[in-house]
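One structure is given below, encoded as structure tokens.
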Amino acid sequence: QQPVQSPQAVILREGEDAVINCSSSKALYSVHWYRQKHGEAPVFLMILLKGGEQKGHDKISASFNEKKQQSSLYLTASQLSYSGTYFCGTDRGAAGNKLTFGGGTRVLVKP
Amino acid sequence: NAGVTQTPKFRILKIGQSMTLQCTQDMNHNYMYWYRQDPGMGLKLIYYSVGAGITDKGEVPNGYNVSRSTTEDFPLRLELAAPSQTSVYFCASEGQGAEQYFGPGTRLTVT
């Protein structure tokens, strides 16, 4: 079943913070985050594993609450380059790292 | 390294026609994936492969076939194209850290 992302869209001013949530109804082994700019391919941001620590990528970080089957992506001091659609992909631990992606969160950072 | 390459970039098919979408990676990755992305939506897994000679179905395999005769190539075959197959198709390969590298995509229209 597809994970649910919220919010569906967010508009930020440069320098503001935002949180994107990803929730699953099933137990998860890992959560993967990708960013896709308009007309381009998705680009990998980070993976959070069950039992792992919070990860960071520049001023973008994420956490994974295994008990709640939720992950959150934190955009801190947003930059114009952070604009795009963010997708979480969830993996239930079966062979092949088969990811089920959420519907995406559109982020627009304005000057 | 070229990474993951896909051809063609664009294609228009008539209903009932067939075609093969090509995908090649030069990173010696064992795991490869085919996704489709409908407008404004997330990615859905069509087929995946864990190595040469091994393929398996994803979430939406109907109307598609794959083969994996070499580590580098993972073509996707559409038989009897239907309007519901209008989409953007992404091929991806997986690195050692489970990060997926996506190709630039093929935009397919079936009319």
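The values are calculated or read from the model by the stated rules, or taken from the named source; none is laboratory data. What you are looking at is a predicted structure, and each value in this text was computed from that prediction instead of being measured. Cβ sites come from the backbone with ideal geometry, for glycine too, and all protein chains shown count toward neighbours. SASA here: full protein model, heavy atoms, side chains in, ligands and nucleic acids out. Shrake-Rupley method; radii C 1.70, N 1.55, O 1.52, S 1.80 Å.
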* To do: Treating each Cα of the protein assembly as shown as an identical point scatterer and ignoring solvent, apply the Debye formula and state log10 I(q)/I(0) at q = 0.09, 0.12, 0.14 Å⁻¹.
  => -0.36, -0.64, -0.86
* Asked: Using bins 5 angstrom wide from zero, how does P(r) for the range A:4-110 break down, in % of all Cα pairs?
  -> 2, 13, 25, 25, 19, 10, 4, 1, 0
* Asked: Each residue of the range A:21-31 in order: what ³J(HN,Hα) in whole Hz does its phi give by Karplus 6.51 cos²θ - 1.76 cosθ + 1.60, θ = phi - 60°, with x for Gly and Pro?
  -> 10, 9, 10, 10, 8, 10, 5, 10, 8, 7, 10
* **Student exercise, the protein assembly as shown dipole from Lys, Arg, Asp, Glu Cβ charges, in Debye to nearest 20** => 500 debye
* Quote the total accessible area buried by chains B and A together, excluding ligands, DNA and RNA, probe 1.4 Å, nearest 100 Å². => 1500 Å²
* Asked: the range B:17-49: which residues show an accessible-area loss of 10 Å² or more, assembly versus chain alone, 1.4 Å probe?
  -> B:Tyr31, B:Tyr33, B:Tyr35, B:Gln37, B:Gly40, B:Met41, B:Gly42, B:Leu43, B:Lys44, B:Leu45, B:Tyr48
* Structure fact -> Scalar couplings 3J(HN,Hα) for the range B:42-52 by Karplus 6.51 cos²θ - 1.76 cosθ + 1.60 (θ = phi - 60°), nearest whole Hz, x for Gly and Pro, are x, 8, 10, 6, 9, 8, 9, 9, 9, x, 4
* Asked: For peptide B:98-105, how many partner chain Cβ atoms fall within 10 Å of a residue's Cβ, on average?
  -> 6
* To do: Find the accessible area per residue for the protein assembly as shown; the probe is 1.4 Å, ligands and nucleic acids are left out, and the unit is Å².
  => 50 Å²
* **Cα-centre dipole for the range A:1-49 with unit charges at Cβ (Lys and Arg positive, Asp and Glu negative), debye to 20** => 200 debye
* Structure fact -> Diffing the range B:67-80: the Karplus 3J(HN,Hα) column from phi (6.51, -1.76, 1.60, θ = phi - 60°), in whole Hz with x for Gly and Pro, holds 8, 8, 8, 9, 5, 6, 10, 9, x, 10, 9, 9, 9, 6
* Structure fact -> Taking protein heavy atoms only, a 1.4 Å probe, and rounding to whole percent, the accessible area of the protein assembly as shown owed to carbon and sulfur comes out at 49 percent
* **FRET efficiency, B:Thr20 to A:Gln1 (Cβ-Cβ, R0 35 Å, nearest 0.05)** => 0.65
* Structure fact -> Lys pairs in chain A with Cα under 19 Å (8 or more apart in sequence, or on separate chains) total 12
* Asked: Which of the aspartates and glutamates could be linked to B:Lys44 by a straight reach, that is with a Cα gap under 18 Å, when you skip same-chain ones fewer than 8 residues away?
  -> A:Glu40, A:Asp91, B:Asp56, B:Glu59, B:Glu94, B:Glu99
